[in-house]
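Asker: Right, I'll just put the structure down here and ask away after.
The values are calculated or read from the model by the stated rules, or taken from the named source; none is laboratory data. The shown structure was predicted, so the numbers you read here are calculated from the model rather than taken from an experiment. When we count neighbours, we look across all protein chains shown, and the Cβ atoms used for this are built from the backbone with ideal geometry, even at glycine.
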Amino acid sequence: MAQISRMLTLVDGTIDDGFEDGALKIAFATSDQHHVDQHFGTCESFAVYLVTRDEAHFHQSIAFEQAAKDGSEDKLQARIAALEGVAAVYCRAVGASAIAQLKQSGVQPIKVKDGTMIKHQLGLFQEELKGDPAFWVLRALESVKGLRDDPRRFDDMETEGWSE
């Protein structure tokens, strides 16, 4: 089974306090930390960013031992576990079994063109956050903000009143 060989987390004192609390973690399957150029199941590494509507900051690099391209699903477990707390992973390809396992763990797999620039994809994602986000994005935002379990989540609707 391919294990994590290195996990580096950036500690950045320039990021405002509380930024991470409202940010989504987005991962990219990459070999160079600049382009989405890897298949999910055999990727060399993930570049993980913290993303809000207005900001995106590099957060973490997760590197893996070399994985055999043998169709074995053992290598998926380490990759999926490494994405705990991540809302989505962008990759150039992903198998059906990996898609099912990622979704089961709350990670949205997104396939993009090989060589897509990570910075470009971050910009597109931020535009989606500002506009009409997909359902999975709304669900991830709820999870990050803790709205689902917040007893005050219906207060605004209550103040609007109810009429039939």
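Asker: Within segment 1-21, can one find any residue that is closer than 29 Å to residue 145 by Cβ and either modelled with pLDDT of 95 or more or in contact with a Lys or Arg (Cβ under 7 Å, 6 or more places away or on another chain) (or both)?
Answerer: no
Asker: Among 130, 113, which is the only one that is basic (Lys, Arg) and more than 16 Å from residue 23 (Cβ to Cβ)?
Answerer: 113 is the lone residue from the list that is basic (Lys, Arg) and more than 16 Å from residue 23 (Cβ to Cβ).
Asker: Out of the residues in segment 28-68 meeting the condition of being assigned to a loop (DSSP other than H, G, I, E, B) and hydrophobic (A, V, I, L, M, F, W, C), tell me which one is surrounded by the fewest Cβ atoms within 10 Å (Cβ to Cβ).
Answerer: If we take residues in segment 28-68 being assigned to a loop (DSSP other than H, G, I, E, B) and hydrophobic (A, V, I, L, M, F, W, C), then 68 is surrounded by the fewest Cβ atoms within 10 Å (Cβ to Cβ).
Asker: Continuing with this model, one more query. Would you mind listing the helices (runs of 4 or more DSSP H) fully within segment 106-164 where at least 2 residues are more than 19 Å from the chain's Cα centre (by Cα) and modelled with pLDDT under 85?
Answerer: Ranges flagged: 155-160.
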